[in-house]
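Engineer: Questions regarding the structure given below will be posed in turn.
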Amino acid sequence: MPQFPTPSTLVAMAVIGLTIPASLSAADYYVYYGSPNGGATNGLYLGHFDSDTGVLTTPKLAAQAEGPSFFTIAADGKHLYTCYEKAGKVAAYAIDAKTGDLKLLDVQSSGGQGPCHISLDKTNHFAFVANYDSGSVAVLPIKDDGSLGEIISSDQHKGGGVNPTRQEGPHAHCVIVDPSNKFVLCTDLGNDKIYVYPLNKDGTLAAEGRMTGVLKPGSGPRHLLFNPNGKVLYCINEMGGSVTAFNWDGATGALTEFQTISTLPADFKDPNTDAELAIHPNGKFLYASARGHDSVAVFSIDPKTSGLTLVQDAPVGGKTPRYIGFDPSGKWMIAGHQGSDTAVIFSVDAKTGQITPKSGSTIKAPAPICMLFLPVPGK
């Protein structure tokens, strides 16, 4: 299951009970981690990052929660929304503008089992949730105070795939809106499809008008990410060890595949499941993490076609890299390793896209599967 914040979501984040030191500079960020392990280590963690030096501190438990797998932030930085994966719920928090503290506003049913991804529409009026275990997608309204209302729309996926173990039925994995805010897209790992729903103005899904993009059997589509140009959609295939690029028709919602490229060396035959996609803030490079090979594939993005060319296959410095992402400056990439309970900072060459692990940057972090940066308020 996921973990998939895009560069546009790296604007703000906060956790209960934390006060921002007045001495911090504009280069200082907090880094927040979601850990769904259960028990005493279950919850949201907080560390500190200096974007001038690339120094990352060891995080500490900031708030216990019911298996927070993935989370996102409203565009204005005032509210945080997370999935309680183990409980089948989603939660809304208010972020204190001065202290960064979180106040729990409410908890709602996700409408299914195993909610693993949550995102917002571009007006911040609606939250979309993908329920992995039950293979469904749901929409919840966001009230004026930032809290969530009860589900107003949902759709149950059907069918499975060629892999009897992983694809015995539908498994919704990632749900996002398109750049125009007119369509909702949802991957389904269980049936190798990308569902495209017209989005009504009231936030409901026009399920009767939905379309699907179909991938190669056994691909297991996981996460989606639009090219900044808004004309191309990338999909990382968890089971296929690849990235598929689609031309996107923003008027009709149609997807046309034009490339599928491997994230793995040709001679690698061991078990692997791809995880996360990220695009560098300059829009010139795409990154894909591979769990099993434990690497990050770095691709250059053709400025005309948006096609991908491999430029680096980099060891990720830990086991099971479930999440990768960039600090807002684009100078650094962070990788979270669910299998080794660590996080690592990499320096990024903005000209070549290649990454290099920063010496001494590995820190302990309990099963980090989602991480976001928060600029220090007022700095």
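The values are calculated or read from the model by the stated rules, or taken from the named source; none is laboratory data. Bear in mind the structure is a predicted one, so any value in this text is a computation, not a measurement. Here Cβ is always computed from backbone atoms with ideal geometry, including for glycine, and neighbour counts include all displayed protein chains. Each accessible area value is taken on the protein alone, full model and side chains, heavy atoms only, with ligands, DNA and RNA left out. Shrake-Rupley method; radii C 1.70, N 1.55, O 1.52, S 1.80 Å.
Engineer: Positive end of the dipole of the range 271-379, charges at C-beta (+1 Lys, Arg; -1 Asp, Glu), about the Cα centre: which of GLY330, GLN312, SER300 has its Cα farthest in that direction?
Structural biologist: The Cα lying farthest towards the positive end belongs to GLY330.
Engineer: With contacts defined as alpha carbon pairs under 8 Å and 6 or more residues apart, what's the relative contact order of the chain in percent?
Structural biologist: Dividing the mean separation by the residue count of the chain yields 15 percent.
Engineer: Next question. Assigning unit charges at the beta carbon (Lys, Arg +1; Asp, Glu -1) and nothing else, what dipole magnitude in debye, to the nearest 20, does the chain show about its Cα centre?
Structural biologist: Here the chain has a charge dipole of around 320 debye.
Engineer: Tell me which of THR256, PHE373, ALA75 sits at the most positive position along the dipole axis of the chain, charges placed on C-beta atoms (Lys, Arg +1; Asp, Glu -1).
Structural biologist: Farthest towards the positive pole: PHE373.
Engineer: What is the range 274-334's relative contact order, in percent, from Cα pairs under 8 angstrom and six or more apart in sequence?
Structural biologist: Here the relative contact order equals 32 percent.
Engineer: Right, another one. Just the number, please: Stokes-Einstein D of the chain in µm²/s, Kirkwood Rh from C-alpha pairs, 37 °C, 0.692 mPa s.
Structural biologist: 162
Engineer: Accessible area, 1.4 Å probe, largest first: how do ARG222, ARG291, ARG210 sort?
Structural biologist: The ranking, largest first, comes out as ARG210, ARG291, ARG222.
Engineer: Pairs to check: LYS103/LYS364; LYS103/LYS143; LYS319/LYS364; LYS78/LYS364. Give those whose C-alpha atoms are more than 18 Å from each other in this structure.
Structural biologist: LYS103/LYS364; LYS78/LYS364
Engineer: Run the dipole for the range 39-126 about the Cα centre, Lys and Arg Cβ at +1, Asp and Glu Cβ at -1, nothing else charged, and hand back the magnitude in debye, nearest 20.
Structural biologist: 160
Engineer: Could you tell me what percent of the accessible area of the range 210-327 is made up of carbon and sulfur, with a 1.4 Å probe and every protein chain present?
Structural biologist: So the carbon and sulfur contribution to the accessible surface is 53 percent.
Engineer: How far is the Cα center of the range 128-144 from the Cα center of the range 313-336, in Å?
Structural biologist: 28
Engineer: Give the Debye-formula value of log10 I(q)/I(0) at each listed q (0.10 Å⁻¹), with one equal scatterer per alpha carbon of the range 223-331, two decimals each.
Structural biologist: -0.27
Engineer: On to the next question. Using the crude model of +1 on Lys and Arg Cβ and -1 on Asp and Glu Cβ, and no other charge, please compute the dipole size for the range 138-228 relative to its Cα centre, in debye to 20.
Structural biologist: 360
Engineer: Moving on to the next point. Given a 10 angstrom Cα cut-off, can you work out which residue in ASP270, ASP313, ASP349 is the most mobile in a GNM of the chain?
Structural biologist: ASP270
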